[in-house]
Each structure stands twice: as structure tokens, then as C-alpha cells.
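Peer 1: Would you mind keeping the following structure in view while I ask a few things?
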Amino acid sequence: MDWTRLLLFALLSAGNAELMVVLVNRLHALPIPCRTLRHVRHLHDLLIPGFPLLLVWCLGFRGPQLLVGGNWSDVPLGWTVYLALCALGVLSLLSSVIRHLFRRAPATLLSNHTRLVDVADELGTPPIGDGPFRWLIRVPGNQVFEISVATKHLTLPRLPREWNGLSILHLSDWHFIGTIDKPFFERASELASEQNVDLIVFTGDLLDEQDLAAWIPGTLGSLSAPLGCCFILGNHDWYLDPRAISAALQQQGWVDVMGRVASINHRGRRLLVGGTAAPWIGDHPDFSAAARDAHSNPALRDFRLLLSHTPDHLRWAQSEDVDLMLAGHNHGGQVVLPLIGPVYSPSLTGCRFAGGLFEDSPTVLHVSRGLSGRHPLRINCRPEITKIVLHSPEPGSNSAG
């Protein structure tokens with residue numbers, strides 16, 4: 001047995017797994033029907049554990065017999081090409097690990113205070129419903145009921161000084177599917193209402209079961225804020241009946257900003273709130289037209305806030321001169337492995353924007369880990385509710401106290 005080659009087989013198998021994950025992540029960023037994506041995941045589930053067995057059998061002990069003294073020159077061309085791709089997969093994996101290990105918080109973050117609320121402990125029993133994948137809740141170390149209630153203070157260079165201390169509650173990805181029962185989301189809504197913010201936003205993926213729209217009045221419908229509550233939908237809502245979901249939220253006083261811009265007056269200045277659920281629902285909002293129509297004084301620049309279900313629209317947001325972009329969709333990866341970091345993130349950029357705060361001038365991006373998911377599994381990636389407090393860079397006004 002050639003143990004060096006067996007180790008190489010293991011590395012190539014890791015590269016194959018990386019390729020499968022890259023494929024699944026990118027496809028889930030596209031407007032592909034849920035049934036098709038399910039077939040892709042089944043193929044992924046088969047090829048990741050099956051590839052090393054196939055490699056050892058077809059190339060190790062049969063064919064070129066690489067594990068017992070065979071020659072690499074005897075490897076068939078098709079295998080050679082795919083093994084080369086697996087080698088690139090290994091490099092991609094190493095790059096992801098390095099990016100995760102050396103990631104630092106952007107300079108715009110002044111402070112981040114978090115408290116944990118274990119809803120199952122408060123209720124005295126885990127709020128488990130009759131939805132699918134209930135067995136995942138019992139996985140050791142699962143933090144699915146531990147809500148991280150975070151307060152993040154940010155300094156934004158173009159925030160009007162009149163708005164110093166403006167607060168936004170960022171909610172995302174609640175995924176009503178029935179596996180996690182309604183009392184969990186009612187408690188999350190109570191925690192949200194305690195934050196006393198100026199504006200509340202929701203960045204998509206509310207339902208996985210249409211009938212559970214009945215939960216809306218007792219959860220998101222119970223929230224209010226002085227500057228209102230704005231929302232967009234997400235791809236899981238698109239799988240169902242997005243018009244009905246939007247109507248249900250609007251009946252509770254929420255404002256749908258998908259594909260458009262809402263103008264909010266605040267202390268003599270304008271806040272433009274645009275939303276996009278593309279590529280699944282509608283188009284991007286037109287900030288430029290809204291800015292022209294909103295202001296009688298062109299010397300006063302309007303602050304631009306974009307709600308985007310996916311963080312994949314960051315480059316577009318930059319081109320539109322967006323100040324703050326709030327997104328979800330990626331759930332922080334849901335499972336964050338030691339050293340490696342998050343693995344699954346349904347984005348065209350993979351796990352780069354899985355969750356957290358990012359800065360790419362002129363836009364600051366916050367990606368929520370969300371509150372729930374179709375699969376009730378959270379390891380090193382607690383569900384979150386985030387209060388974002390904005391500060392002007394004017395001297396003496398950037399304190400996070």
C-alpha cells in the first residue's frame with residue numbers, strides 16, 4: 001500500500017467536496033425551482049462520500065492500481081482532467097480557510113454587544129412543532145433555540161449629523177415551516193419589540209409553508225417603530241405565493257419596498273429605503289429617480305438604505321451609491337466549523353458574505369444570520385436579532401455609549 005498516494009487521494013477527495021459545495025452554493029443563488037435544487041442536493045449528498053470510495057477502487061486497486069505501485073501515466077484522460085479540477089478545489093478550500101482565519105471587523109464597527117436568550121430554557125421545553133427535519137434539533141451542540149440579541153454601533157461617513165444615534169432593527173429569514181413552533185417566534189418578536197428602535201426592516205424568507213401566514217399577526221405583526229416597518233421577501237417566499245405573503249404583511253402595517261424606493265422624512269432630511277428580492281422577485285429599485293423626486297433642495301443628499309435578500313447585490317449597491325445595505329439569505333452558514341468556518345452559503349460568492357459586517361466603500365453591508373431556517377440546525381452560528389445604531393463621523397458624535 002502506497003500511503004503517500006492514499007494521503008493524496010484524501011486531499012483530492014477534499015477538493016472534490018469543495019467543488020460540490022461550490023456548485024450547490026452557486027446554484028442556490030439563482031432563480032431555480034425548489035424541486036430542481038433538491039435533486040442537485042441529492043447528487044451532492046451522493047458524490048461527496050462516494051467519490052473517495054470510487055477513487056480508491058477505480059484508480060487505487062483497479063485500472064492503473066496507483067495504491068499498489070501503478071503509474072500515473074496510466075490514468076485515463078477523463079480521470080486526469082477531473083483530478084486536476086479537484087486539485088483546484090483543494091486550493092479553493094485553503095483560500096477559504098485563510099480568509100476565515102484572518103478576517104477582521106471593518107473600521108466602521110465601533111462596538112458589538114450581545115446577550116443570549118435561550119428560548120427553550122425560558123419556556124421550560126423546546127418549542128418543537130410537527131414540521132420536517134425534527135431529528136436535526138437533537139444533534140449535540142445545536143443552538144437553534146439560542147437567540148443572539150446584538151447591538152452594533154456603526155459609524156457611517158455620510159450619515160447626517162442630525163441623525164446621530166439613528167437605530168434600525170434588522171430581522172431576516174424567519175422561515176415559518178412548523179418544525180420550530182410558534183412560541184419561539186412570539187418570544188423573538190417580544191425581544192424585537194424591546195429594542196426601541198427608529199426603524200424595523202425584514203430582509204426576506206418569512207414562510208416555508210403558506211398556511212403559516214396565520215402566524216404573522218402574533219409575530220411580525222406585533223411590531224412597530226416611529227419610522228415604520230419595511231420589508232422585502234426572499235426565494236423561499238417565491239417558492240410559495242409571494243403576493244399573498246406580501247399582502248399579509250401589509251395588512252399588519254408593514255411597507256413593501258421590493259423593486260421600489262420609499263421616502264421617509266426624519267429630522268429635516270430624507271431616508272430613501274429601497275428593496276430588492278432579485279433574482280427571484282421583481283427588479284432593483286431606482287434610487288436615482290427617487291432622489292430626484294424626493295427633495296426640493298438638491299444640495300441636501302438623501303441617505304440610501306438598501307434591503308436586499310441576498311448580499312450578492314453589493315456591487316450593484318456600490319454603483320447606486322448606497323450607504324447601508326442590509327441582507328440575509330446566507331444564515332451565517334448555519335454550521336461554522338473550527339478553522340474552516342462556514343461551508344454552505346447560497347451565494348454567488350460562496351461563504352465570503354455568509355454573515356456579519358463588511359465594508360466596501362461607499363457601502364457598508366450587514367448580513368444577518370437570520371432567526372431560523374428550513375433545516376433546524378445551528379452549530380457555532382446562533383440565530384440573531386440585530387439592532388444597528390448609526391453614528392455620524394462628526395467630532396464628538398461617534399461615541400457608542
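The values are calculated or read from the model by the stated rules, or taken from the named source; none is laboratory data. All figures in this text were calculated on a predicted structure; none of them were measured in a lab. Quick reminder, even Gly has a Cβ in these numbers, built from the backbone with ideal geometry, and neighbours come from all protein chains shown. Accessible surface is based on the protein model in full, side chains and every heavy atom, while ligands, DNA and RNA are left aside. Shrake-Rupley method; radii C 1.70, N 1.55, O 1.52, S 1.80 Å.
Peer 1: Would you give the gap between the C-alpha center of the stretch 176-196 and the C-alpha center of the stretch 76-152, rounded to a whole Å?
Peer 2: Their Cα centres are 21 Å away from one another.
Peer 1: Okay, next question. Antiparallel DSSP bridges in the chain: what percent, to the nearest 5?
Peer 2: 45
Peer 1: Once neighbouring chains are kept in place and the probe is 1.4 Å, which whole percent of the accessible area of the stretch 309-378 is contributed by carbon and sulfur?
Peer 2: 60
Peer 1: For the stretch 1-142, report the % of Cα-Cα distances exceeding 24 Å.
Peer 2: Distances greater than 24 Å cover 57 percent of the Cα pairs.
Peer 1: Explain nothing, just the number: dipole magnitude of the stretch 240-347 about its Cα centre with +1 on each Lys and Arg Cβ and -1 on each Asp and Glu Cβ, in debye rounded to the nearest 20.
Peer 2: Charge dipole of the stretch 240-347: 320 debye, to the nearest 20.
Peer 1: Another question, if that's okay. For Asp74 and Ser319, what does the FRET efficiency come to when R0 = 41 Å and r is the distance between their Cβ atoms, rounded to the nearest 0.05?
Peer 2: 0.20
Peer 1: Hey, another quick one. Explain nothing, just the number: dipole magnitude of the stretch 25-166 about its Cα centre with +1 on each Lys and Arg Cβ and -1 on each Asp and Glu Cβ, in debye rounded to the nearest 20.
Peer 2: 460
Peer 1: How much length, in nm to one decimal, is gained on full extension between Ala10 and Ser111, taken as 0.36 nm per residue of separation minus their Cα-Cα distance?
Peer 2: Taking Ala10 through Ser111 to full extension adds about 32.2 nm, to one decimal.
Peer 1: Simple spin-label model, 7 Å along Cα-to-Cβ: Leu47 to Asn196 in nm?
Peer 2: 5.4
Peer 1: So if I take the centroid of the Cα atoms in the stretch 299-341 and the same for the stretch 19-55, what is the distance between those two points in Å?
Peer 2: Going from one Cα centre to the other spans 25 Å.
Peer 1: OK, next. Which Cα, out of Leu154, Leu88, Trp238, lies furthest along the positive dipole direction of the chain (beta carbon charges, K/R +1, D/E -1)?
Peer 2: Leu88
Peer 1: So how much slack lies between Leu348 and Thr36, counting 0.36 nm per residue of separation and subtracting their Cα-Cα distance, in nm?
Peer 2: In short, 110.5 nm is gained.
Peer 1: Next up: Using only DSSP helix segments of four residues or longer, with each worth -39500 (n - 2.57), what per-residue ellipticity at 222 nm results for the chain after dividing by its residue count and rounding to 500?
Peer 2: Mean residue ellipticity, 222 nm, calculated: -9000 deg cm²/dmol.
Peer 1: Quick check: at a probe of 1.4 Å, how many percent of the accessible area of the stretch 213-290 sits on carbon and sulfur atoms?
Peer 2: 46
Peer 1: Oh, and also: Counting only C-alpha contacts under 8 Å and six or more residues apart, can you give the relative contact order of the chain as a whole percent?
Peer 2: About 21 percent, as a whole number.
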